[in-house]
Amino acid sequence: MIKKLKLITWEPTVEFTKEFIEVVKFDMSFNDKGLTIILVDKKGTRVDITYDKGTKYLGDYVVSYRYTSEIPMSILALLAEKARDDSGLNNFDSCFYKALHSDYLDQFKPHFPGSLADGLEHHIFPVGTGIVEVISDYDPSFTLTKAAY
């Protein structure tokens, strides 16, 4: 039986969930310090999402990452809405998502021996007019910097 893609909400911190609103700017960099995704909301609040640990087996910071504009990924909008409904989040709370039964994730599992494949996760970050996706075996760190008014 083939399982269908499903999203679950991911709230990294209560502060993020309640303080961060719609993304208006994002940047992403991958260098010798890891993968960093920077999001800025309408109020100027910034969240840095940092993958800076080595993955098991590969030794790199993440297994894979990609950016796709929202039109090819429009299927995720309905799945995200269902995940939000299932989690009880209100429309003003911010969150990210983890994907279950993901084709993107499944393409990497054969390259990991034994139980290491079971530790991989597909993380999804809506970023304004697109989606950033990361395959990793650990959760990134999140740093929220509130805008100074």
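Would you work out what percent of the accessible area of segment 1-71, with all protein chains in place, is carbon or sulfur (probe 1.4 Å)?
Carbon and sulfur together cover 51 percent of it.
In what sequence, largest accessible area first, do H111, H122 appear using a 1.4 Å probe?
H111, H122
Expressed as an acute angle from 0 to 90° and rounded to the nearest 10, what is the orientation of the C-alpha long axis of helix 75-87 relative to the principal long axis of the chain?
70
Where nothing but the Cβ of Lys and Arg (+1) and of Asp and Glu (-1) is charged, how large is the charge dipole of segment 56-108 around its Cα centre, in debye to the nearest 20?
For this selection, approximately 140 debye.
Check the chain and count each lysine pair with an alpha-carbon distance under 20 angstrom, considering only pairs eight or more places apart or from different chains.
For the chain, qualifying lysine pairs total 27.
Leaving out ligands and nucleic acids, and using a 1.4 Å probe, what accessible area per residue does the chain come to in Å²?
That works out to 58 Å² per residue.
From the phi of every residue in segment 3-14, what ³J(HN,Hα) in whole Hz does the Karplus formula 6.51 cos²θ - 1.76 cosθ + 1.60 yield, where θ is phi - 60° and glycine or proline is x?
8, 8, 4, 9, 10, 10, 6, 9, 10, x, 8, 4
Rank S136, S74 by accessible area, highest first, at a 1.4 Å probe radius?
Sorted by accessible area, descending: S74, S136.
Let me have the 222 nm mean residue ellipticity of the chain computed from DSSP H runs of 4+ only, each contributing -39500 (n - 2.57), with the sum over all residues rounded to the nearest 500.
Taking each H run of at least 4 residues, the total per residue is -4000 deg cm²/dmol.
Counting GluC sites (Glu not before Pro) as exposed when in a DSSP loop with at most 15 other beta carbons within 10 Å, what is the longest stretch of the chain free of them?
Looking at the chain, 71-149 is the longest stretch - no exposed GluC sites (Glu not before Pro) with at most 15 other Cβ atoms within 10 Å.
Which of these values of P(r) over Cα pairs in 10 Å bins from 0, in percent was calculated from the structure shown: (i) 9, 30, 23, 23, 13, 2; (ii) 11, 40, 37, 12, 1, 0; (iii) 12, 45, 34, 9, 1?
Read-out from the structure maps to (ii).
The values are calculated or read from the model by the stated rules, or taken from the named source; none is laboratory data. Bear in mind the structure is a predicted one, so any value in this text is a computation, not a measurement. Counting neighbours? That spans all protein chains shown, and the Cβs are built from the backbone with ideal geometry, glycine included. Just the protein is used for accessible areas: all its heavy atoms, side chains included, with ligands, DNA and RNA removed. Shrake-Rupley method; radii C 1.70, N 1.55, O 1.52, S 1.80 Å.
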